[in-house]
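Single-structure report; data block below.
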Amino acid sequence: MASRVNSSFTLIPNQKYRRSSRRSSHVSNTLDSDSQPLSGLGNFKALPLEIFQIILRYLSVKDISMLSMVSKTVSQHIINYISTSSGSKRFLLQDFHHLELPGKRQDSALLEHYRSLGLLFKRCTLLLPTKERLKYIHKILAEVPCFKFSGCAAPMQCSGLSCYGRLLQTLTAGWDELECHRVFNFLCELTDLSRKMQTIVFSKPGNSRKLELRIRLFCRNVLFDHWTHRSDSAFWLTRILKPWPMVNQARLLYIIFGPISPQDGQVVWQKMIEEPTDESSLKGLADAIKLLYDTGIKEWTADDVISLIDELSVVPREWLLENNARLLILSGNDICFTFMASKAVNGRTAELARLIVFLALVCEKELYCMDWAVKMMQKVCKVFSTSVEKTSFLQNVANAFACIIMEMLQSIMSGDRDEEDRIFLNLFHLVHAQANFHKEVLYLTINSIAT
């Protein structure tokens, strides 16, 4: 009895197990058939290519960019779609001279579109080598005349190069330096940029005004303006400047960041040598100098930057010293002191003394704190190793104030009426600058005695 019970007991689970096995086998086979590897198109495999492309028309550029990451096959179909006439017409918007909408709003929408397009290209070409990626993208973008170096007839009214730069910035963001070098070399080869730069740096300033303007717009809009990290901006500026000798670097820096005419956008070469200029004319140059000095790029030492400022101050001829002083103030305390200390070390105390006078003049005109100029002079004094050198330097500063005031008086007495009014106003500011400068020196002396 016991054995029969045991025997029947052992049969029941075996039968249940067999039934369970058959059922699980059926389910397993069904799952296996359902999970057969699909093509790279997934569920899109059932659609004709034409229908797939119609679906793409209903997706935004951002959505298509996300879709391109599904698989290599999907990405390839999207690439093929971009290459079609309908895809090209949709993606390569060319309203670069659109006047119906307010400029900033229209430009912002276009820039955002080309940022999204840059991301789409980045994802679609992810598996290609850098050179092949660039060739493919160039082939697509070559249809847009305003993306070419000299492709637009009205470059000052065109946002084409800015859109091209935004696309390029999005595409190359996160690439290592070697890849970015390849991008720069590719662009130079594509546009013959090196030869064009050679033309303008070796010709007389202003002889090739249209080419100067084209180079400025290309370098600023395509290579420089769209980076958010200063180190990236410094990298591209270094690529532009470093192949050239220092004197040519200064010329290029002036062309790319110097003052321009508000009417036609062309570089104004006489601005720094004919009359005192304003902050807006120098801000671009000062920002570029700070970029090279502050970001710690290995290709630029402090001496390199100071030498560049020295060369810049004689482009195209020697600047008015007031404009030099204004550039140094805008460049920041560290650069200003380093520049002045360099003159002190090299024994150029007479130049240094005159520079301090014009630093004081700019402070007076712009309502900056005059104690800044006095403290800068005090800091430079510490560069001199002996008390005799310090005393001689301070005497030079006092003499420089007197000499420059006399020079202005002589100019007023011998100049024409318009020139006379301008110089008289400058003299007025200089006399006040001298008074306030010496007042701050007295305060500093009294405070040092009291302590």
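Cross-link reach is defined here as a Cα-Cα straight distance under 18 Å, omitting same-chain residues fewer than 8 places apart; for Lys290 the lysines meeting it are Lys242, Lys298.
Measuring from a point 7 Å past the Cα of Ser392 along Cα-to-C-beta, which residues in segment 367-385 have an amide N at less than 14 Å? Only 384-385 fall inside the zone, counting backbone N under 14 Å.
Projecting the Cα atoms of Ile306, Met272, His77 onto the charge dipole of the chain, computed from C-beta unit charges around the Cα centre, puts His77 farthest toward the positive end.
Calculated accessible area for segment 125-263 comes out at 45 Å² per residue, all protein chains present (probe 1.4 Å; ligands, DNA, RNA ignored).
For Leu127, neighbours were defined as the other residues whose beta-carbon sits under 11 Å from its Cβ, and their charges (Lys and Arg +1, Asp and Glu -1) total +2. Here is the list for segment 325-363: trypsin sites (Lys or Arg not before Pro) lying in DSSP coil, each with at most 14 other C-beta atoms within 10 angstrom of its C-beta, are Arg348. Sites listed here are GluC sites (Glu not before Pro) in segment 266-353 whose DSSP assignment is loop and whose Cβ has at most 13 other Cβ atoms within 10 Å: Glu299, Glu318. The 3J(HN,Hα) values that the Karplus relation (6.51, -1.76, 1.60; θ = phi - 60°) gives for segment 281-295 are, in residue order, 6, 10, 4, x, 5, 4, 5, 5, 5, 4, 4, 5, 7, 8, 7 Hz. Gly and Pro appear as x. For segment 227-309, the list of trypsin sites (Lys or Arg not before Pro) that fall in a loop by DSSP and count at most 14 other C-beta atoms within 10 angstrom reads Lys298.
Compute the signed sum of charges (Lys and Arg +1, Asp and Glu -1) over the other residues within less than 14 Å, Cβ to Cβ, of Ser86. Could the numbers behind the result be given before it?
On the way: positive: Arg57, Lys89, Arg90; negative: Glu50, Glu143.
Once all neighbours under 14 Å are counted, the net charge is +1.
Of the heavy-atom accessible surface of the chain (probe 1.4 angstrom), what whole percent is carbon and sulfur?
Of all accessible area on the chain, carbon and sulfur atoms account for 55 percent.
Recomputing Kirkwood radius over Cα pairs in Å from the coordinates shown identifies the correct label among (i) 24.3; (ii) 23.4; (iii) 27.2 as (iii). The residues packed around Ile260, meaning those with a beta-carbon under 14 Å from its beta-carbon, carry a net charge of +4 if Lys and Arg are +1 and Asp and Glu are -1. Counting only DSSP H runs of at least 4 residues, each contributing -39500 (n - 2.57), and dividing by the residue count of the chain, the helix-based mean residue ellipticity at 222 nm comes to -23000 deg cm²/dmol. When only Cα pairs below 8 angstrom with a gap of at least 6 residues are kept, the chain shows a relative contact order of 9 percent. Taking amide H as placed 1.01 Å from N in the peptide plane, the amide H of Ile260 sits under 5 Å from that of Val268, each at least 5 places away or on another chain. If you line up the long axis of helix 2-34 against the longest principal axis of the chain, both from Cα atoms, how many degrees apart are they, to the nearest 10? Result, in degrees: 50. Taking the longest Cα principal axis of the chain as reference, the axis of helix 333-345 is set at about 50 degrees. Annotation: lysines with alpha-carbon distance below 24 angstrom to Lys439 (same-chain offsets under eight excluded): Lys365, Lys375, Lys379, Lys382, Lys390. Extension gain, Tyr443 to Glu132, is 105.2 nm, computed as 0.36 nm per intervening residue step minus the present C-alpha separation. The label point for Gln76 and the one for Leu93, both projected 7 Å from the Cα toward the Cβ, are 3.2 nm apart. By its C-alpha gyration tensor, with a ≥ b ≥ c as the square roots of the eigenvalues, how is segment 149-204 shaped: rounded for a/c under 1.5, else prolate for a/b larger than b/c, else oblate? Here segment 149-204 falls in the oblate category.
Please label the shape of segment 272-393 as rounded, prolate or oblate, based on the square roots a ≥ b ≥ c of the eigenvalues of the alpha-carbon gyration tensor (a/c under 1.5 means rounded; beyond that, a/b larger than b/c means prolate, else oblate).
oblate
Helix 321-331 and the longest principal axis of the Cα set of the chain meet at an angle near 30°. Label reach from Ser261 (point 7 Å along Cα→C-beta): in segment 136-154, amide nitrogens under 18 Å belong to 153-154.
The values are calculated or read from the model by the stated rules, or taken from the named source; none is laboratory data. All values reported here derive from a predicted model rather than from experimental measurement. A quick note on method: Cβ atoms are made from the backbone with ideal geometry, for glycine too, and the neighbour counts reach across all protein chains shown. In case anyone asks, the SASA skips ligands and DNA or RNA and just uses the protein heavy atoms, side chains included. Shrake-Rupley method; radii C 1.70, N 1.55, O 1.52, S 1.80 Å.
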